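A quick write-up on the structure given underneath.
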Amino acid sequence: MTGVAEVPRLALHGISKRYASVIANQDIDLQVGTGEIHALLGENGAGKTTLMKIVYGVTQADEGSIEWEGSTVAIRSPAQARRLGIGMVFQHFALFETLTVAENIALALDERVSPSRLAARIEEVSQRYGLPIDPQRLMHGMSVGERQRVEIVRCLLQAPRLLILDEPTSVLTPQAVQALFRTLRRLAGEGLSILYISHKLDEIRELCDVATVLRNGRVTGTAIPRQESNASLARLMVGSELAQCRLQPREPGVTQLELINLSLATADPFGTSLRHINLRVRGGEIVGIAGVSGNGQKELQAAISGESLCAARGAVRLCGQQVGRLNPAARRMLGLRFVPEERLGRGAVPEMHLADNCVLTGAAVGLVRHGLIQHRAARAFARDTIAQFAVKCDGELAPADSLSGGNLQKFIVGREIRLAPKVMLVAQPTWGVDIGASLLIRQALIDLRDTGAAVLVISEELDELFAICDRLAVLAGGRLSAVVPAADLPLETVGVWMTGAFDHVAV
Amino acid sequence: MWPFDRSPWPLRLERRAKPSMAMRMASSPLAAVAMVVTGFLTLSLLGTDPVAAFKVFFVEPLSSLYGLGELLLKATPLMLCALGLAPGYRANVWNIGAEGQFTIGAITGGGAALYWTPAMTHGALPLILLAGVLGGMAWAAIPAFLRSQFRTSEIFVSLMLVYIAQLLLSYLVHGPWRDPAGQNFPQSPPLPDNALLAPLFDGARVNVGFLIALALAALSWWFGHATAAGYRMRVSGLAPAAAAYAGISQRRNIWLAMLIGGGTAGLAGICEVAGPIGMLQPSISPGYGFAAIIVAFVGRLHPLGIVLASLLMSALYLGGESAQVELQLPSSVSGLFQGALLFFLLAAELLIHFRVRRT
């Protein structure tokens, strides 16, 4: 391997890419050596994904050049990238639910391989790199971690020399993350170069040899992650010091939200039915629900918000009332507020301006009177929300879809908090939100808890849940684990529970 | 995002960062211009002098007071139907059957005028108009009920009910309601005098229905802008998931939308019978209920736009008639203009969200 090591496997020179109104990448230089695990670190919207799409041929740079193993290349399509020896595992998998593992892989391969030979090769690769998958299994019913293994094996079958992974751990349990890291280290040891996209600082410090940090589409620094602290990496990534959330212990009040033996069949053929869920959330506490999306998270939110109605009135109790058969508007009147995980199209109407978007949930605070919309009150409400939660926008008459994801989330969280919740349900509060806005949102939820509201947070981010929750439970396969104080819950236990193994746990 | 970075075409579409306000204003006029150009070319190909034809089509019908009265007269049913359809279309409720609700409104209103109110000295007209409104609503309630109870498609049900309504009208004027003194013509007796809408001014046939339509346009604007019900319908159309999140009942929207659309179409129907026609006959509408769908979209589902679009569409009807008479052009010419208008409008819509770029 000497000799080759002199020439970097991939070198980007002065890459720039502009979209209609934004500069996604500006003058980016990057080098990945043979067998190197190279982190691409940056917040959402920093330009990481665009850069990787350029390398993988999904889109082309406006300026700059790409050097592959010493020679300048123009990568015009993903197929060409694969021929060069570049493989990519996307954040969102493109797999057909109704096909088997082998069929899915066969579809994605550029060459034709007989089914029996393909199955043999899949088993060989999966055993060699510790990625156990059964080629004959159907896709649906496979966990997200298993699906990711399929995608990685699919890439490895093409014997790539550079593997790009986009936020690979966002959907994995802590144990699965460790298993993935072992595989990646082994691949790197055999000379495979890896570009690892992430915003998780701990992981990058643990796994990566070199990190290139992006902010606003530019490179703000390169670092050896092992020699840096989280704080110093975050400074490169965000450009300023980070504050910390603080959760002071507090005596909770009376039960405000209660689920009693809640079972709910899902209407979605690939959804997850809820089974015998029991949960109590008291005023003045934040209860967190961990777990990978697709394990009943969507169904649980809908059951609590009222978008799905239960057969039994008593299965959901809100502020002492049985609400299992009440619609969302009626539940809101009792004091429930809800921040859904999809901001555009569910939490807000994209084409409507922010003031009109306040009317969506603001009937309880007088934004609708006698069947008429109170436009002046709605505008004032929106203005105050924008000011209080530092939402960056063109005022209260800006359409919701003109805001960035993080700013819209601040606005929606702010809107719901300013509607004086007794019970607040928040799903994925900081998904795709930059670090600064995440901190603001988390602190706002803690402040809300300190005013005595009952807060329920459903999230995939374990760091987040441990930072803001008094008590934690795990939702796996439509079943809910015991709810235990976050301080008494080791991370490893959460990982085990995320696989659904929590039957024999003493509460 | 446009999925292909490279295409074999020299031009490509690129999604705009935000919808263009200028294109939003310009799309309807642009479509009208494109329609005129197409018409110009088509008429040339037919061997007609296009300039003379355009004069016959667009200028002559409107150059007299009577002609202007006719313009408003024909615009009235289009405006009424389109104003009623627009709130539903904004809420994803697709009532295609205004033509049928129009016909039923004509039957119920006309029936009231013939068999219920002839002896009344005061207040007959409001009752007759109300009967027309209620008839249209009842006909629209059928698809509303089937959709909200059994999830049938209101598109098909309302459309099929058009033909049933027309056959019902045909049965009545051929059978039980036929004028005994009508020499076997399939028509009802003429409506009594107390059931007729008076012309707005001498020498024209346009009646109070036009003023009602204008008032409804203002009411429709207020409904969409100021009421919670109008807001709920807009949210349901723009973002169904957001409507579910807010607890907005789509069932309520369906009922409201169908009843509004049916009511105005029924009103339009009785205004024709109690106005220019003066009796029931097998055919009451030259397709106003269908043309109103085009009017609603050309008017961008906005009340002011609908008022203007219904005047434009009415001019197309009048032009088509005079072109038939004076130039012996086929009657389908006005259908061609209508179709071209809708086609270009949909094409121009694209430019609101996309721009054309060279690859």
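The values are calculated or read from the model by the stated rules, or taken from the named source; none is laboratory data. Predicted model, so just to flag it, every value in this text is computed and none were measured. All Cβ positions, even for glycine, are placed from backbone atoms using ideal geometry, and neighbour counts span all protein chains on display.
Quick notes
- Conditions (1) within 30 Å of the chain's Cα centre (by Cα); (2) at positive phi; (3) away from chain B (no Cβ under 13 Å): number failed by residue A:39: (2)
- Just one of the listed residues (A:337, A:343, A:332) is closer than 19 Å to residue A:417 by Cβ, at pLDDT below 90, buried (at least 22 other Cβ atoms within 10 Å of the Cβ) and under 28 Å from the mean Cα position of the chain (by Cα), namely A:343.
- Looking across region B:325-359, just one residue is surrounded by fewer than 17 Cβ atoms within 10 Å (Cβ to Cβ), polar (S, T, N, Q) and touching a helix residue (DSSP H, G or I) at 6+ places or on another chain (Cβ under 8 Å), and that is B:331.
Residue by residue, here is whether (1) within 14 Å of chain A (Cβ to nearest Cβ); (2) part of a loop (DSSP other than H, G, I, E, B); (3) among the aliphatic types (A, V, I, L, M) holds:
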site: B:233; (1), (2), (3): yes, no, yes
site: B:241; (1), (2), (3): yes, no, yes
site: B:270; (1), (2), (3): no, no, yes
site: B:280; (1), (2), (3): no, yes, yes
site: B:284; (1), (2), (3): no, yes, yes
site: B:293; (1), (2), (3): no, no, yes
site: B:296; (1), (2), (3): no, no, yes
site: B:305; (1), (2), (3): no, no, no
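- Total residues in region A:83-107, condition free of Cβ contacts under 8 Å to residues at least 24 places away in the same chain and among the small types (Gly, Ala, Ser): 2
- Filtering region A:411-442 to residues that are β-branched (Val, Ile, Thr) and either assigned to a loop (DSSP other than H, G, I, E, B) or without any contact (Cβ under 8 Å) to a residue 24 or more places away in the chain (or both) leaves A:430, A:433.
- Annotation note: of B:340, B:268, B:292, the sole residue that is closer than 30 Å to residue B:16 by Cβ and within 17 Å of the chain's Cα centre (by Cα) is B:340.
- Residue match in region A:295-312 (condition: touching a helix residue (DSSP H, G or I) at 6+ places or on another chain (Cβ under 9 Å), among the hydroxyl-bearing types (Ser, Thr, Tyr), crowded, with 20+ Cβ neighbours inside 10 Å and not in a loop (DSSP other than H, G, I, E, B)): yes
- Every residue from region A:363-377 that is at the interface with chain B (Cβ under 7 Å from one of its Cβ atoms) and in a strand (DSSP E or B): A:368, A:372, A:373
- Residue in region A:363-382 that is within 26 Å of the chain's Cα centre (by Cα), of a type outside the set (D, E, K, R), at pLDDT 90 or above and under 29 Å from residue A:285 (Cβ atoms) present: no
- Within region A:306-327, residues that are within 14 Å of another protein chain (Cβ to nearest Cβ) have Cβ atoms under 9 Å from residues that are among the hydroxyl-bearing types (Ser, Thr, Tyr) in these pairs: A:307/B:245; A:308/A:266; A:327/B:249, counting only partners at least 6 apart in sequence or on another chain.
- The number of residues in region A:346-362 being among the hydrophobic types (A, V, I, L, M, F, W, C), surrounded by 24 or more Cβ atoms within 10 Å (Cβ to Cβ), more than 25 Å from the chain's Cα centre (by Cα) and within 9 Å of chain B (Cβ to nearest Cβ) comes to 2.
- Residue count for region A:162-186, restricted to those that are aliphatic (A, V, I, L, M), outside any helix (DSSP H, G or I) and farther than 14 Å from residue A:196 by Cβ: 1
- Residue within region A:174-183 that is under 30 Å from residue A:295 (Cβ atoms) and in contact with a Phe, Trp or Tyr (Cβ under 6 Å, 6 or more places away or on another chain) present: yes
- Applying the condition of being among the charged types (D, E, K, R) and part of a helix (DSSP H, G or I) to region B:41-88 and asking which residue is nearest to residue B:230 (Cα to Cα) yields B:74.
- Test result for residue A:409, crowded, with 23+ Cβ neighbours inside 10 Å, within 30 Å of residue A:49 (Cα to Cα) and out of contact with any Cys (no Cβ under 7 Å at 6 or more places or on another chain): yes
- The C-beta contact set for region A:385-410 (first residue more than 13 Å from chain B (Cβ to nearest Cβ), second residue of a type in the set (D, E, K, R) and not in a helix (DSSP H, G or I), distance under 7 angstrom, 6+ apart or interchain) comprises A:386/A:396; A:405/A:343; A:406/A:434; A:407/A:392; A:409/A:343.
- Of all residues in region A:139-173, those satisfying the criterion of being acidic (Asp, Glu) and either touching a residue at least 40 places away in the same chain (Cβ under 8 Å) or within 17 Å of residue A:79 (Cα to Cα) (or both) are A:151, A:166, A:167.
- Restricting attention to region A:354-377, the residues being in contact with an Asp or Glu (Cβ under 7 Å, 6 or more places away or on another chain) and closer than 20 Å to residue B:222 by Cβ number 1.
- Some residue of region A:256-270 being within 14 Å of chain B (Cβ to nearest Cβ) and surrounded by fewer than 22 Cβ atoms within 10 Å (Cβ to Cβ): yes
- Verdict on residue A:153 being assigned to a helix (DSSP H, G or I) and closer than 26 Å to residue A:293 by Cα: yes
- Scanning region A:70-91 for residues that are assigned to a loop (DSSP other than H, G, I, E, B), surrounded by 13 or more Cβ atoms within 10 Å (Cβ to Cβ) and at pLDDT 90 or above turns up at least one hit.
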